[in-house]
Each structure stands twice: as C-alpha cells, then as structure tokens.
Amino acid sequence: MRSRRVICVLLFSCLAALAESQPGSNPPKKTTDVKDIKVADLAFLSGSWTGEVGDSKIEQVCSTTDPQVMLCMFRAMDNKGTQAVELYTLRNTATGVEERVRFFSPDLQAEPGDTGLTMKLASFSPDKMVFENPTGTYPKRSTLTRKGNDEFNSHIELVDPQGKASAIDAHWVRVK
C-alpha cells in the first residue's frame, strides 16, 4: 500500500511541475506565497501523461472542468498488468492547493485501512514545485523539476517508521 501511495504522489507532483510550461497556459506566477497558487494555475495537467518507476509503467489522466477542483486517475502497471489504481483531487483550500489521494486494487476494492493521503503545496516556481506531507513521512516530500514543455523529473523522499530514508525518481512525458 505504501508503494502505491508513493507512486501516486510521485505522479501528481511531477505533473504539477509542468503547469506553467504548457503552450497557451497562463503566465508563470511570480509569487513565492503558496496561498496565491490555485488549482486553476495547474490546468496544464489536463490530459494524459506516462512515465516509469523502475520496471513499472505509470500513467495519469486529469480532467479540469472545475477551476476549484481537479479530478485525476492514476494507475501503476508491471509485466503482469495493472497493480494499483488511485483517484485523487487537487483542490483550493484557505492555505493553498491540497492533494487528496485514495487507493484501490485493480478491481476497485478499497485498500484495507486506507484513510487517504493528503499532501500540501509547500513551494512553487515556474521550474520547481514541492508538495509535503504535513502529518507523516512516507512520503515526506515530492519535488518536481520541469525539463521543457512536455517532460519533467520527479524526486520523492520517503522516511520509514524506523527512520530509514530512501527516494524514488521518475521521468515523465506528455502523451500526444
């Protein structure tokens, strides 16, 4: 269950880094105050993305018909097929953009004990975006770095209950 949460956070975080790089998008925000960033500023996420984490393929599709809330579907696949499905929203809050994630099996059964995961936007610039987990460390932080209009890298920091740190890195591209 933890690896699925990490992959989902990785996916969203990576895609969010590209928000200001897409043709026709709003000009990049010049603020460092994350309270000023809104879901509407992340409209670039609409559409399809694909990436890899180790031997696993990952994909995401996001819809943005509501400027206050974005709904996204994510899945992770290996050589045996779909291993995880996640639904998440990005929504405006009084403290800035918040990501809420729910995890499911491939047949849409809820993960036992899953109460969801919440990540908060901690910093934002046109080239780099950071989301942090305010209540836990698995994941602790997700950093996205844009590499042009249609690709980016992501770096997820994890700290397990015993204090052991690790990371997950991925490369993402827009599906055209």
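The distance between label points at residue 95 and residue 151 comes to 3.6 nm (points 7 Å beyond Cα on the Cα→Cβ vector). Each residue, residue 33 and residue 176, gets one label point 7 Å from its Cα in the Cβ direction; the gap between the two is 3.9 nm. For the peptides 64-75, 102-113, the ranking by packing is 64-75, 102-113, with the highest mean count of neighbouring Cβ atoms within 10 Å listed first.
Each reported figure results from applying straightforward, stated rules to the coordinates on display, with no laboratory input. It should be emphasised that the depicted structure is a prediction, and the values quoted were computed from it without experimental measurement. Note that each Cβ is placed from the backbone with ideal geometry, even for glycine, and that neighbours are counted across all protein chains shown.
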